[in-house]
Amino acid sequence: MIGINSDRLRCRFDTMAKIGATLRGGMHRLALSHEDKVARDLLGSWCRDCGFELTVDRIGNMFATRPGLNPDLPPLLIGSHLDSQPYAGAYDGPVGVLAALEVLEALDENDIPTNMPIQLVNWSNEEGARFRPPLLASGVFAGVHDLDFALSVQDSKGLSFREELANIGYDGKCKPGWPISGYIEIHIEQGTVLEDAGIPIGIVTGVVGIADIKVIVQGEDAHAGPLPMSKRRDSLVGAAEMILTAREIGCRHAPEARVTVGRISVPSDSHSVVPGRTEFVLDLRHPDDVGLAALEAEAKAAFSAIAAKHQMSVAYESVWAYPPTLFDERLQKEIARAARELGHSHLRLPSRAGHDAWNLARVGPSAMIFIPCRGGISHNESEFAEFEHIAAAANVLLLTVIAWSNGDLRLQSPEIA
Ligand SMILES: [Zn+2]
């Protein structure tokens, strides 16, 4: 049975995890930072050492290509991202990139030709922690974002993506976006479905719909001393009530819904001011359009009632909205078959986090393979995944890539029904 070299994968994972490592065992490797550059350089050197041609596009996405037998076929992309959230984990992203490299090498070492080229990809700025929005560069590749828009976005210090990409030397020459034969990404689940079920392989059915809405609560600034309690229009108190209500709405729509407030700002920001204005971002997630719309409608109705009760106004601005996306059924079947061949139990589940595959699904058949992560904890220094699960997923990817890239041959086999 052919397979990836799990010792080499583990060794590379450990080496990569040292770049931007935090004292508490996590990862701080923001997009286009010095650490991101060092991680990219290391990935590039590994790819070149293996003889794979390296390409960087104008938004900094990195590609390493193993040629196929038929140069006319578009490549099958496999990969993920090397950037991280601040003080986050070492598994979110690198698992998918390094497993992809292992797949390319396993194909070479086992002399397995593929009809189409196989292309490893490291997407720039998946996380969106330093440069918003997230999934930025895969969005450019897939035509969701304009290249000039993406290059013009700035971090909190006013440094542009364009400048910082040039500073780390990853302002490549080729135009982002070309036809693809598919995209497959391995990623940690970042939830607890697989762990609770004791199952190593998750076949992702799609990405839930996400609506992020800025909520602006307007009361009136006042001195914290003289103004009596009864006369205040304290926007932060109104926002606090809204946030608790948002949580209740999420619980009412369990188990499918997720409702979160993770960002709040009070522009007056002073001990001695009754805050007249508070802004927070409401993050709504649901696997279907109707459910997502219901969450938004319920939240807005409840917030209006709370604002009226406190004699305040409330306004909304869409921050971003991603409709629910379904992944390719045929690819999901191939992944399931690969898992079965290898003796790994698997289940189907939706992703409740955004991933680059969400963008890629617009331009070609796309799919994801999830592995469990301990306690569902992610975007956290204590993030952890079992190495045997990483290796299992890499082997599932290897078989899936072979099957997909030789699809014409495999489709003639009666067992593929
Ligand atoms: Zn990720």
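Derivation of every value follows stated rules applied to the coordinates shown; laboratory data play no part. Everything numeric in this text was worked out from a predicted model, so none of it was measured. FYI the Cβ positions are ideal-geometry reconstructions off the backbone, even for glycines, and counts take in every protein chain you see.
Values for this structure:
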item: For the chain, average projected area of the Cα convex hull in nm²; result: 21.5 nm²
item: Share of alpha-carbon pairs per 10 Å distance bin for the range 1-45, given as whole %; result: 26, 46, 21, 6, 0
item: Environment charge of Ala99, counting only residues whose C-beta is closer than 12 Å and scoring Lys/Arg +1, Asp/Glu -1; result: 0
item: Helix runs (DSSP H) in the chain reaching 24 Å along axis by Cα, Kyte-Doolittle at least -0.5; result: 235-252, 289-309, 387-405
item: Model label zone, Ala305; criterion: amide N under 13 Å from point 7 Å along Cα-to-beta-carbon; scope the range 233-261; result: 242, 245-246, 248-249
item: Most mobile listed residue (Gly128, Gly219, Gly20) in the chain, GNM with C-alpha springs under 10 Å; result: Gly219
item: Estimated 222 nm signal from helices in the chain, with DSSP H stretches of n ≥ 4 weighted -39500 (n - 2.57), rounded to 500; result: -11000 deg cm²/dmol
item: FRET efficiency estimate (nearest 0.05) - Cβ-Cβ, Arg252 to Lys231, R0 30 angstrom; result: 0.30
item: Protection proxy ranking of 224-230, 159-165, 41-47 - average other beta-carbon atoms within 10 Å, highest first; result: 159-165, 41-47, 224-230
item: Rg to Rh quotient for the range 209-322, alpha carbon positions, Kirkwood Rh; result: 1.03
item: In range of the label at Arg263: residues from the range 133-168 whose backbone nitrogen is under 15 Å from the point 7 Å along Cα→Cβ; result: 133-136, 153-158
item: Among Ser181, Ser382, Ser272: highest mean-square fluctuation, GNM of the chain, C-alpha pairs under 10 Å; result: Ser272
item: Percent of beta bridges antiparallel (DSSP, the chain, rounded to nearest 5); result: 70 percent
item: Percentage, to the nearest whole number, of Cα pairs in the range 174-222 over 13 Å apart; result: 77 percent
